[in-house]
Amino acid sequence: MNQGIEGKVVVIAGASSGLGEALARRLVKDGAKLVLGARREDRLKKLASELNLPADATVKTDVTHPDQVQALVDQAIRLYGRIDVMVNNAGLMPHSLLGLAKIDDWNAMIDVNLKGVLYGIAAALPYMQAQKSGHIINTSSVAGHKVRPGSAVYAATKSAVRVISEGLRQEVKPYNIRTTIISPGAVHSELVDSITEADVAANIKQFYDQTAISADSFANVVAFAISQPEDVDINEILFRPTQQEL
């Protein structure tokens, strides 16, 4: 599968743990050139050291700040002169019932899950348009297809990611740019840790403990999308644990 990955310059936002970390470990094995961004600089540098990445291949990045996302992408250009793949992966999932009015949680999800993706697109797209090639991959969720009680705002942000990605797909065709939406179900990550309601967190943690699959599953499907020939555009992959019903 690494035939279409080796040598590609891949930027991953949200790379310090969970899905982003698993993806970084997978792609470096496939020969990609990585530039990693995340808020937790210590974990980011530790990961980069384990993967034998250049010391300047990490950028402390809070995706709620467009200038920091731009700096992440610009670093890839400084190091390698191009960007082949932008993975917008940072996310939060503080589920709660709407009646609890957890406004700070709502705003955090909108800022990270939705605006963070837009900032990633805005940072990478001009370079990709200029080079007439590229691939933008946005992480959505099964929740972007199905809403459940307590997940309304999270599901709304992930649905919005799908809508934005589809609009992007249509807009970038003249530039030979590919777009992919990855919609995982229950996959082991730190998303559950972002839930601020104790009872909700306990229930979802129990569900994940019983059901969730490895973050390597996410890495595998992203690698599949990237590895396709340039004339093949994998627009969306929806996957979940075999035993996950909803």
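The values are calculated or read from the model by the stated rules, or taken from the named source; none is laboratory data. Because the structure is a prediction, the values reported are computed rather than measured. Glycine also receives a Cβ, built like all others from the backbone with ideal geometry; neighbour counts cover every protein chain displayed. To get the accessible areas, we keep the full protein, side chains included, count just its heavy atoms, and leave off ligands, DNA and RNA. Shrake-Rupley method; radii C 1.70, N 1.55, O 1.52, S 1.80 Å.
Stokes-Einstein diffusion for the chain, with the hydrodynamic radius set to the Kirkwood value over Cα pairs and evaluated at 20 °C in a medium of 1.002 mPa s, equals 120 µm²/s. The length gained by stretching the chain between Asn52 and Val163 to full extension, at 0.36 nm per residue less their Cα-Cα distance, is 36.3 nm. Taking a ≥ b ≥ c as the square roots of the Cα gyration tensor eigenvalues, with a/c under 1.5 meaning rounded and otherwise prolate when a/b beats b/c, else oblate, which class fits the range 113-246? Verdict is prolate for the range 113-246.
Can you name the helices of the chain, as whole DSSP H runs, whose Cα span along the helix axis is 24 Å or more and whose Kyte-Doolittle mean is not below -0.5? Don't skip to the answer; put the middle values down first.
On the way: long enough: 152-171 (28 Å, 0.03).
What comes out of the filter, once short or polar helices are dropped, is 152-171.
Cut-off 19 Å, label point 7 angstrom out along Cα-to-Cβ of Thr196: give me the residues of the range 144-167 whose amide nitrogen falls inside. Zone members listed by number: 150-158. Name the shape class, rounded, prolate or oblate, that the alpha-carbon gyration tensor gives for the range 154-230, where a ≥ b ≥ c are the square roots of its eigenvalues, rounded holds for a/c under 1.5, and otherwise prolate holds if a/b is larger than b/c and oblate otherwise. Cα axes put the range 154-230 in the oblate bin. Counting only Cβ charges, +1 for Lys and Arg and -1 for Asp and Glu, the dipole size of the chain around its Cα centre is about 300 debye.
Let a ≥ b ≥ c be the square roots of the eigenvalues of the Cα gyration tensor of the range 1-129; is it rounded (a/c under 1.5), or, if not, prolate (a/b larger than b/c) or oblate?
prolate
Counting only protein heavy atoms and a probe of 1.4 Å, the accessible surface of the range 118-221 is 54% carbon and sulfur.
For the chain, what is the accessible area per residue in Å² when the probe is 1.4 Å?
On the way: 11040 Å² over 246 residues.
I get 45 Å² per residue for this part.
With the helix formula -39500 (n - 2.57) applied to DSSP H stretches of n ≥ 4, the chain reaches a computed 222 nm mean residue ellipticity of -13500 deg cm²/dmol.
Can you tally the net charge around Ser183? Count Lys and Arg as +1, Asp and Glu as -1, for every other residue whose Cβ sits under 12 Å from the Cβ of Ser183. That sum, taken over residues with Cβ under 12 Å, equals +3. Distance from the alpha carbon centroid of the range 12-28 to that of the range 58-121 works out to 14 angstrom. With R₀ fixed at 25 Å, the C-beta to C-beta distance from Thr211 to Asp42 puts the FRET efficiency at about 0.25. Residue-wise HN-Hα couplings along the range 100-105, as the Karplus relation 6.51 cos²θ - 1.76 cosθ + 1.60 with θ = phi - 60° gives them from phi, are 7, 6, 7, 5, 4, 5 Hz; Gly and Pro carry x. Partner lysines whose Cα lies under 27 Å from the Cα of Lys60, excluding those fewer than 8 positions away in the same chain, are identified as Lys8, Lys29, Lys33, Lys45, Lys46, Lys115, Lys158.
A cut-off of 5 Å between modelled amide H atoms, ignoring neighbours fewer than 5 places along the same chain, links Leu34 with Val10.
Grab the Cα-Cα distance for Arg82 and Leu246, subtract it from 0.36 nm times how many residues apart they are, and report the gain in nm with one decimal. Each step should come with its number before you reach the end.
Working: separation 164, 0.36 × 164 = 59.04 nm, distance 3.98 nm.
Extending this stretch completely gives an extra 55.1 nm.
With only alpha-carbon atoms in the gyration tensor, what are the semi-axes of the equivalent ellipsoid for the range 5-48, in Å, largest first?
Values: eigenvalues 61, 17, 14 Å².
Value: 17, 9, 8 Å, ordered largest first.
Counting other Cβ atoms within 10 Å, which trypsin sites (Lys or Arg not before Pro) in the range 1-68 have at most 11 and lie in a DSSP loop? Don't skip to the answer; put the middle values down first.
Numbers: sites: Lys8, Arg25, Arg26, Lys29, Lys33, Arg39, Arg40, Arg43, Lys45, Lys46, Lys60; in loops: Lys8, Arg39, Arg40.
For trypsin sites (Lys or Arg not before Pro) across the range 1-68 that sit outside H, G, I, E and B with at most 11 neighbouring Cβ atoms in 10 Å, the list is empty.
Kirkwood analysis of the range 55-97, using all unique Cα-Cα pairs, places the hydrodynamic radius at 12.0 Å. With Rh defined as the Kirkwood radius, the inverse of the mean 1/r over Cα pairs, the Rg/Rh of the range 127-172 is 1.14.
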